[in-house]
Every structure is written in C-alpha cells, then in structure tokens.
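Undergrad: Here it is, the structure in full.
Read-outs throughout are calculated quantities, based only on the coordinates presented, and are distinct from any laboratory measurement. Model, not experiment: these values are computed from the prediction. Heads up, the Cβs are rebuilt from the backbone with ideal geometry, glycines too, and the neighbour counts pull from every protein chain shown.
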Amino acid sequence: MPPTPPAPHTAKVQEALAARDALAAALSRAGIQLPAMNIRTPWADDRKAEAQYALVHLGVCSAPVALVLADVIRKGIAG
C-alpha cells in the first residue's frame, strides 16, 4: 500500500515541499535525478492533524546514481 500523502496546507509541509523542490533542482543541475523524492509527515493516517514537522524523503536510487551523487558531493567539499 503506498503511503498517504501529507495534508497539503500546513506550514511545515509547505516548508518540506520547498526544500524537496530546491534539492531536486540542485540535483538536476548536477545531472542527477532522484525520481522517488517526496515528503512524509509522522501522521500519514491522520490528514486532519497539523503536522509538527515534515521530512524530505529521498527515495531510492541505482548504484550508478549513488556514485554520481557521491562524486558531486566530494567535488563540492573540495571546493
């Protein structure tokens, strides 16, 4: 059963969506795509409750994509 998406109108959910979109854009500029990126809240079954926090879920990726991601991070650390 797929996870229930969080309620869309809370500040924390909007913050997580913005963070997810910013990260996806940055990864895209580096030539990396994580298609399973989404957000999660701790109350996926209670869509009426206001989320106290929301998490950016990066999903899964193939080994070659993980290696490219690691390389981009290493290059960024090296400056």
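Undergrad: Out of residues 5 or more away from residue 57 or on other chains, whose amide H comes under 5 Å of its own, with H placed 1.01 Å from N in the peptide plane?
TA: Correct list: 38, 39, 40.
Undergrad: Here's something else I'd like to know. With a Förster radius of 22 Å, plug the Cβ-Cβ distance of residue 74 and residue 25 into 1/(1 + (r/R0)^6) and report the FRET value to the nearest 0.05.
TA: Once rounded, the FRET efficiency stands at 0.60.
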